[in-house]
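In what follows, a structure is listed as structure tokens, so that the remarks can point back to it.
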Amino acid sequence: MLDRATAEYVALEMAVAERPEAHINLSAFYLRQEKPSEAEAALRTALRLDPRSVPARVNLADLYRMLGRDADGEPLLAEALRLDPRAAEAAHALGLLYIRQGRKDAAMPLLDRAYALLPAVPRYGYVYAVALHDAGQAARAVSVLTAVHAARPSDVDTLAALASFERDRGNLRAAIGWAEKLAALRPDDPGVKALVAQLRAAAGGGRSGPVR
């Protein structure tokens, strides 16, 4: 039954095989089936059909990341940004690649660009803020995360990072406030409950006031 469903899906996409998007879709399908060679071939076909396809380049670079082949992915992402300097997904992916390579100075402008281009994507702001924090720019990191929270109040990664960063800065009142917001979203999470309790204990048992 699964083989039949697979064949039907592939046939459906191949019916529009002249479109690069069909091969990008096939690549994602093959990845879900843990067939990286077929996924790579599909993305290569997409690029042959449209050499300027940024999504195909970004997806192929991400496949190479999963396969431990960042050296092959780097030129794909660099070319994607040359083709479209406003491709936030390419800037974000290349910035992360540089982080993995230990090239933090090269990564920061790219992570900044991705966040500036698409500030409504919480992941871009979160990753940029973590990089800022690691670089010793804690105040800027909190500022970025606060803006991300304003746009996406239910993003739990943002709230967890804000609580952690403010705790590290010694701003326990603010840290408790962020942790309590996180607890409201994750009321049954024992780790979040423990975080709130630890912060309250560190602050002398008090509760937070409004967080600005």
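Inspect all residues belonging to the stretch 177-187 and state whether any of them is charged (D, E, K, R), farther than 29 Å from Arg100 by Cα and part of a helix (DSSP H, G or I). Checked the stretch 177-187: at least one residue is charged (D, E, K, R), farther than 29 Å from Arg100 by Cα and part of a helix (DSSP H, G or I).
Can you tell me which residue within the stretch 111-122, out of those that are without any contact (Cβ under 8 Å) to a residue 24 or more places away in the chain and closer than 14 Å to Glu89 by Cβ, is surrounded by the most Cβ atoms within 10 Å (Cβ to Cβ)?
Start the filter on the stretch 111-122 by keeping residues that are without any contact (Cβ under 8 Å) to a residue 24 or more places away in the chain, which leaves 111-112, 116.
Checking the rest, the ones that are also closer than 14 Å to Glu89 by Cβ come to 111, 116.
On the way: Leu111: 25, Ala116: 14.
Top of the filtered list is Leu111.
Remark: Ala163 falls outside the filter, which requires a residue to be in a helix (DSSP H, G or I) and surrounded by fewer than 21 Cβ atoms within 10 Å (Cβ to Cβ).
Looking only at residues that are open to solvent by less than 30 Å² (accessible area, probe 1.4 Å), in contact with a His (Cβ under 8 Å, 6 or more places away or on another chain) and under 24 Å from Ala80 (Cα atoms) in the stretch 1-59, which one is modelled with the lowest pLDDT? It comes out as Ala17.
Of Val156, Val192, Val211, Val196, which residue is modelled with pLDDT under 95 and either surrounded by 14 or more Cβ atoms within 10 Å (Cβ to Cβ) or under 21 Å from Asp112 (Cα atoms) (or both)?
On the way: Val156 fails: modelled with pLDDT under 95; Val192 fails: modelled with pLDDT under 95; Val196 fails: modelled with pLDDT under 95.
Just one listed residue meets the conditions, Val211.
On inspection, Ala129 qualifies as crowded, with 22+ Cβ neighbours inside 10 Å, under 30 Å from Gly95 (Cα atoms), out of contact with any Asp or Glu (no Cβ under 7 Å at 6 or more places or on another chain) and without any contact (Cβ under 8 Å) to a residue 40 or more places away in the chain. Screening the candidates Arg140, Arg173, Arg186, Arg103 for the property of being surrounded by fewer than 18 Cβ atoms within 10 Å (Cβ to Cβ), in contact with a Ser or Thr (Cβ under 7 Å, 6 or more places away or on another chain) and not hydroxyl-bearing (Ser, Thr, Tyr) yields one hit, Arg173.
Of all residues in the stretch 83-100, those that are outside any helix (DSSP H, G or I) and crowded, with 19+ Cβ neighbours inside 10 Å total 1.
The values are calculated or read from the model by the stated rules, or taken from the named source; none is laboratory data. Small disclaimer: the values here were computed from a predicted structure and weren't measured. Glycine gets a Cβ as well: all are built from the backbone with ideal geometry, and neighbour counts include every protein chain shown. Protein only, heavy atoms only, side chains kept; ligands, DNA and RNA dropped before computing areas. Shrake-Rupley method; radii C 1.70, N 1.55, O 1.52, S 1.80 Å.
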